[in-house]
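K.L.:
I have a structure I would like to understand better, so I am pasting it below and will then ask my questions one at a time.
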Amino acid sequence: MTFDRLETTLRLRGGHRLHGAVRVHGSKNATLPIMAAALLCDGEVIIKHAPRITDVSVMEALLESLGARVRQQGSNTLRIGAENIGQTRAPYTLVRKLNASFDVTGALLGRLGRAEVPLPGGCVLGTRATDLHEQGFRALGAEVRGERGYLVAEAPNGLHGADIAFRFPSVGATKNVMLAAVYARGTTTLRNAAMEPEVVDLANFLMAAGARITGQGSDTISIEGVDRLHSVEYEVIGDRIAAGTLLLAGAITRGTVTVQGTEPAHHDALLSALEECGVTCSVGERWVGVDATGTRSGTDILTAPFPGFPTDLQPMMTAFLATCPGTSVVEETIFNARFAYVNELLRMGGDIRVQMDSNAAVVKGPADLEGAPVEAADIRAGAALVLAGLAARGETEIAGLEFIDRGYERLEEMLTDLGAQVQRSSGIVALAESASSYETTTIPTVG
Ligand code: EPZ
């Protein structure tokens, strides 16, 4: 008996230079913590420019499971009412799908004095530790313990301000502790805080709702406790990683691409790296452009917290470097297992050697990439395979589209607008013959 299942893949035909302008969607990594922050507000929250992606849908379901009311208004506006939440325990079935849902911990602790949230499991990027989150919660006066895979944080007498110094500028810990500190009695100072634009956007949202925050965007953020946050309407920033992905799609195809709806200041590290390769970059009022017709070499990359080179662009940059003449070294300093996608690039003809001892990849180019059936293992690995498929000879079919859909809204449409030959296709995939011959399992036929 064979088992069939419906699988949706992206099919690309490479070899076309991308040209033109495209507008990028709202930021996934700003929208998710701002949705969690809505739990702190005692009036309706309207979030505009939210991307229509599955990670946002999962966060919507999580907020509803906690008692919030969530409505979509049009395709990119969310209305969240958390006036009457009472549930402090987040369901494992939802949190396990989305590491970012751990952001609700700080909001629940700050609003209700208690939070029980499943610890983020490991993921394909490596360990997702939470010690810095716990350090911050304890400094604010919460009791924190692990219990059957959940983090339990309690502050029956409320939270108090604290001076907290992080050993590493963790994006997640900065967001979570900021959320918990909004209602703490007194002032909280976060030192060696993350400076990512998404952290700044979260702080700006909280201020629009009545919080008192200074220093966002620097490595020292101060939060003065207030009694309530009111209703607010807020538009999130453009997605700088999706924008960077589109710029790199232009670069890997040696085209000329402009991305609108993104802040040039969010892209300094990427643009500097591309210019070292001979790509001509230009910027303007909320737009960034690349002309890659003069690409002449690779370059070395070291990922780092903002404003350094973003780890989230590392896979896509590596795919681009595989097509550049010379030898490039890509060193990953944020996650300890973020080169799994390289195996798929090797299958397409890339010449990349991952050195496990130094968490670095040595990329030799230019590789004559050839289209192949490949599979995405996470959001940005999928994006890297899309870029490689755009540059490769022949057809590439990418499975694991559900990962790409977690982080990109209409990626194939944006690429098609730039001249790429890419389409979503669904088909019945006959899986391996069943091992068992004695058990009969009827599976629902695909409607
Ligand atoms: C955010 O993850 C992003 N996710 C990630 O984007 C991004 O790669 C990452 O920041 C770095 O920029 C969202 O914003 C939803 P971290 P986060 O806390 O918050 C270690 C994507 O593709 N660490 O800065 O988890 C941790 O183990 C995703 O959009 C501790 O050791 O990032 C990791 O190695 C992927 N202890 C490193 O820091 C802690 O308490 C980065 O984590 C917390 C983190």
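The values are calculated or read from the model by the stated rules, or taken from the named source; none is laboratory data. Given the structure is predicted, the values throughout are model-derived calculations rather than measurements. FYI the Cβ positions are ideal-geometry reconstructions off the backbone, even for glycines, and counts take in every protein chain you see.
K.L.:
Kindly evaluate residue 359 against the criterion of being more than 27 Å from residue 27 (Cα to Cα) and among the polar types (S, T, N, Q). Before you say what the answer is, go through the steps one by one.
P.N.:
On the way: more than 27 Å from residue 27 (Cα to Cα): yes; among the polar types (S, T, N, Q): yes.
Answer is yes for this residue.
K.L.:
Additional query: Looking at 296, 254, 286 in this structure, which one is basic (Lys, Arg), surrounded by fewer than 21 Cβ atoms within 10 Å (Cβ to Cβ) and under 25 Å from residue 200 (Cα atoms)?
P.N.:
Numbers: 296 fails: under 25 Å from residue 200 (Cα atoms); 254 fails: under 25 Å from residue 200 (Cα atoms).
When all the criteria are applied, what remains is 286.
K.L.:
Moving on to the next point. If you check every pair at least six apart or on different chains, which have Cβ atoms under 6 Å apart with a residue in segment 327-341 that is among the hydroxyl-bearing types (Ser, Thr, Tyr) first and a residue that is crowded, with 24+ Cβ neighbours inside 10 Å and part of a loop (DSSP other than H, G, I, E, B) second?
P.N.:
Going by the 6 Å Cβ cut-off, the qualifying pairs are 328/298.
K.L.:
Right, here's the next one. Take the conditions in contact with a helix residue (DSSP H, G or I) (Cβ under 8 Å, 6 or more places away or on another chain), modelled with pLDDT under 95 and within 11 Å of the ligand (Cβ to nearest atom) and apply them to residue 306. Does it pass?
P.N.:
On the way: in contact with a helix residue (DSSP H, G or I) (Cβ under 8 Å, 6 or more places away or on another chain): yes; modelled with pLDDT under 95: no; within 11 Å of the ligand (Cβ to nearest atom): yes.
Considered against the rule, which asks whether it is in contact with a helix residue (DSSP H, G or I) (Cβ under 8 Å, 6 or more places away or on another chain), modelled with pLDDT under 95 and within 11 Å of the ligand (Cβ to nearest atom), residue 306 comes out as no.
Residue by residue, here is whether (1) buried (at least 24 other Cβ atoms within 10 Å of the Cβ); (2) touching a residue at least 24 places away in the same chain (Cβ under 8 Å); (3) touching a Gly at 6+ places or on another chain (Cβ under 7 Å); (4) among the charged types (D, E, K, R) holds:
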| residue | (1), (2), (3), (4) |
| --- | --- |
| 303 | no, yes, no, no |
| 313 | yes, yes, yes, no |
| 346 | no, no, no, no |
| 377 | no, yes, yes, no |
| 383 | yes, yes, no, no |
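K.L.:
Do the conditions hold for residue 286, that is, is it more than 30 Å from residue 136 (Cβ to Cβ) and of a type in the set (Lys, Arg)?
P.N.:
Working: more than 30 Å from residue 136 (Cβ to Cβ): yes; of a type in the set (Lys, Arg): yes.
When the stated conditions are applied, residue 286 passes them.
K.L.:
How about segment 1-67: which strands (runs of 3 or more DSSP E) wholly inside it have at least 2 residues that are surrounded by 16 or more Cβ atoms within 10 Å (Cβ to Cβ) and among the aliphatic types (A, V, I, L, M)? It would help to see each step written out before you state the result.
P.N.:
On the way: elements: 2-13, 19-23, 45-48.
Those strands (runs of 3 or more DSSP E) span 2-13, 45-48.
K.L.:
Do we have residue 380 as touching a helix residue (DSSP H, G or I) at 6+ places or on another chain (Cβ under 7 Å) and among the charged types (D, E, K, R) here? Before the answer, list the steps.
P.N.:
Details: touching a helix residue (DSSP H, G or I) at 6+ places or on another chain (Cβ under 7 Å): yes; among the charged types (D, E, K, R): yes.
Yes: the conditions hold for residue 380.
K.L.:
With the structure loaded, tell me whether residue 249 is out of contact with any Ser or Thr (no Cβ under 6 Å at 6 or more places or on another chain) and over 24 Å from residue 405 (Cβ atoms) or whether it fails that test.
P.N.:
On the way: out of contact with any Ser or Thr (no Cβ under 6 Å at 6 or more places or on another chain): yes; over 24 Å from residue 405 (Cβ atoms): no.
When the stated conditions are applied, residue 249 does not pass them.
K.L.:
Further, regarding this structure: Looking only at segment 385-403, count every residue that is over 22 Å from residue 5 (Cα atoms) and either free of Cβ contacts under 8 Å to residues at least 12 places away in the same chain or within 16 Å of the ligand (Cβ to nearest atom) (or both) and tell me the total. Let's see the steps before the verdict.
P.N.:
Taking segment 385-403 first, the residues over 22 Å from residue 5 (Cα atoms) are 385-395.
Now narrow it down to the ones that are either free of Cβ contacts under 8 Å to residues at least 12 places away in the same chain or within 16 Å of the ligand (Cβ to nearest atom) (or both): 385-387.
Here the count works out to 3.
K.L.:
Please verify whether residue 40 is at pLDDT 95 or above, of a type in the set (A, V, I, L, M) and touching a Lys or Arg at 6+ places or on another chain (Cβ under 6 Å), treating the condition exactly as stated. Break it down stepwise before answering.
P.N.:
On the way: at pLDDT 95 or above: yes; of a type in the set (A, V, I, L, M): yes; touching a Lys or Arg at 6+ places or on another chain (Cβ under 6 Å): yes.
When the stated conditions are applied, residue 40 passes them.
K.L.:
On to the next question. Give the residue, chosen from 213, 221, that is in contact with a Leu (Cβ under 7 Å, 6 or more places away or on another chain), assigned to a strand (DSSP E or B) and crowded, with 23+ Cβ neighbours inside 10 Å. Give the steps one after another, and end with the answer.
P.N.:
Details: 213 fails: crowded, with 23+ Cβ neighbours inside 10 Å.
Selected residue: 221, the only one of 213, 221 that is in contact with a Leu (Cβ under 7 Å, 6 or more places away or on another chain), assigned to a strand (DSSP E or B) and crowded, with 23+ Cβ neighbours inside 10 Å.
K.L.:
In segment 181-210, which residues are in a loop (DSSP other than H, G, I, E, B) and under 13 Å from residue 229 (Cα atoms)?
P.N.:
182, 183, 184, 209, 210
K.L.:
Further question: Which condition number does residue 111 fail, the rest of (1) of a type in the set (Lys, Arg); (2) closer than 28 Å to residue 339 by Cβ; (3) crowded, with 17+ Cβ neighbours inside 10 Å being met?
P.N.:
Of (1) of a type in the set (Lys, Arg); (2) closer than 28 Å to residue 339 by Cβ; (3) crowded, with 17+ Cβ neighbours inside 10 Å, only one is false for residue 111: (2).
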